[in-house]
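Written out below as structure tokens is the structure these notes cover.
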Amino acid sequence: MVSFSKTDKTDLPALKALWLTCFEEDERAAELFFERTMSFTHAYKATENGEFIAAVYLVGCTLNGRQAHYLCGAATRPDCRNRGVMSGLIRFALDDAKNRGDVFSVLFPADEWL
């Protein structure tokens, strides 16, 4: 069964490993993301049988003077795709953001096909 939750600092190595598995980025680029954004980013994970299978990040910002976030780094392990895991994780994250007071969600797809 897949479960969704917020992450904590102990999850950082697994989050980085998932990022590198899912994105074609240099390890240093991934390190920069985690070093520079985690202080104002909310991170969420999907796990199954104790393993990380997906993650998404809500990076805090303001839009029209209101509390908001943009979705970033939505990543699902390749062998776990096409099962609705990311849809469930995004719903979980957006519910948490709404409860925190976020008014807007923004998404800038990395590629046109997304």
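Overview of values
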{"item": "Solvent-accessible area per residue for the chain (1.4 angstrom probe, square angstrom)", "result": "63 Å²"}
{"item": "Within the accessible area of region 21-114 (1.4 Å probe), percent carbon and sulfur", "result": "49 percent"}
{"item": "Helix-only mean residue ellipticity at 222 nm for the chain, each DSSP H run of n ≥ 4 adding -39500 (n - 2.57), per residue, nearest 500", "result": "-10500 deg cm²/dmol"}
{"item": "Dipole of region 1-96, positive end: most advanced residue of LEU32, ALA93, VAL2 [Cβ charges, Cα centre]", "result": "ALA93"}
{"item": "Residues of region 8-52 with amide N under 11 Å of a point placed 7 Å along Cα→Cβ from ARG83", "result": "47-52"}
{"item": "Angle between the chain longest axis and helix 85-100 axis [Cα atoms, degrees, rounded to 10]", "result": "30 degrees"}
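The values are calculated or read from the model by the stated rules, or taken from the named source; none is laboratory data. Note that the coordinates shown come from a computational prediction; the quantities given were computed from them, not determined experimentally. FYI the Cβ positions are ideal-geometry reconstructions off the backbone, even for glycines, and counts take in every protein chain you see. Remember, those area values only see protein heavy atoms, side chains included, never the ligands or the DNA or RNA. Shrake-Rupley method; radii C 1.70, N 1.55, O 1.52, S 1.80 Å.
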